[in-house]
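Heads up, the thing below is written out as structure tokens.
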Amino acid sequence: MAKKPLVLFPTFVLATRIPDRKITELNAQLLRECFAFRELDEQGQRWSDKNYFGGYTSYGSLCDLPDRSPTFARLKNGLDRLAAQFAKTHEMDLGKKRLQMSSCWINIMGKGSHHGSHLHPLSTLSGTYYVQTPKGSGAIKFEDPRLPMMMASPPRRTPARLENRRFTEIQPKPGDAVLFESWLKHEVPANRSEKERVSISFNYDWV
């Protein structure tokens, strides 16, 4: 028998740079286009004014951005490679199906804007690519998916090793992408910076 405890049912999160040789150039163009789409997206602006304090999202209005912009199509090419890497590394048996991006949308979060805990129903992989992340603008925070079943489990020490924490934050930088299985609950704490936090979120379906 092994001397150390077995690690069973781990939760995988891929946090890495996007595979693009000119990330700075790509980010500069994405930033310009994110703001341009916000100006054009009146439906998204109306929804965000009512439902997204201090921020803007194109989730319910413009979620097919790679079909509208060659810059977003270039981003999608890099994300497609990361999605394939995620599936291979974690031994997903896709059979004759494949992972295909089903939606891609903009998030622009001003000071005080936040995104509460949620998951992405019916998708397989989800994630976010980071375009502009000012200091203090908020990390992405993940919740242990077993939390609702921990009736008599003691809290963990502070600090605990990464794999033993109940909540874990990742502080991304521009050019970073974070991918995870869509059932994993996550949130974005409030932006405390004076500058806007700009990111592009996406879903992949198993089709």
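Taken together, the values in this text are just the output of simple stated rules run on the coordinates, not laboratory data. It should be emphasised that the depicted structure is a prediction, and the values quoted were computed from it without experimental measurement. Here Cβ is always computed from backbone atoms with ideal geometry, including for glycine, and neighbour counts include all displayed protein chains.
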Return the subset of 50/185; 50/195; 76/97; 76/173; 22/141; 141/173 for which the Cα-Cα distance in this structure is over 26 Å, preserving the input order.
22/141
Alpha-carbon Debye profile of region 28-141, log10 I(q)/I(0) at 0.09 Å⁻¹:
-0.28
For the chain, what does the helix formula give at 222 nm: sum of -39500 (n - 2.57) over DSSP H segments with n ≥ 4, over the residue count, nearest 500 deg cm²/dmol?
-7500 deg cm²/dmol
For helix 70-89, what angle does its Cα long axis make with the longest principal axis of the chain, in degrees from 0 to 90 and rounded to 10?
10
Rounded, prolate or oblate: pick one for region 74-184, where a ≥ b ≥ c are the square roots of the eigenvalues of its C-alpha gyration tensor, a/c under 1.5 means rounded, and failing that, prolate if a/b is larger than b/c, else oblate.
oblate
In Å and from the alpha-carbon atoms only, list the Rg and Dmax of region 151-199.
14.4, 42
Dimensionless Rg/Rh of region 1-89, both radii on Cα and Rh by Kirkwood, sits at 1.16
Cleavage-rule hits, GluC sites (Glu not before Pro), region 1-96, DSSP coil, Cβ neighbours within 10 Å at most 10
91
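Expressed as cubic angstrom per residue, what is the convex hull volume of the alpha carbon set of the chain?
For the chain, the hull spanned by Cα atoms encloses 159 Å³ per residue.
Taking the DSSP beta bridges in the chain as the whole, what percent of them are antiparallel, to the nearest 5?
Of the beta bridges lying entirely in the chain, close to 95 percent run antiparallel.
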Tell me, what is the percent relative contact order of the chain, built from C-alpha pairs under 8 Å that lie six or more residues apart?
32
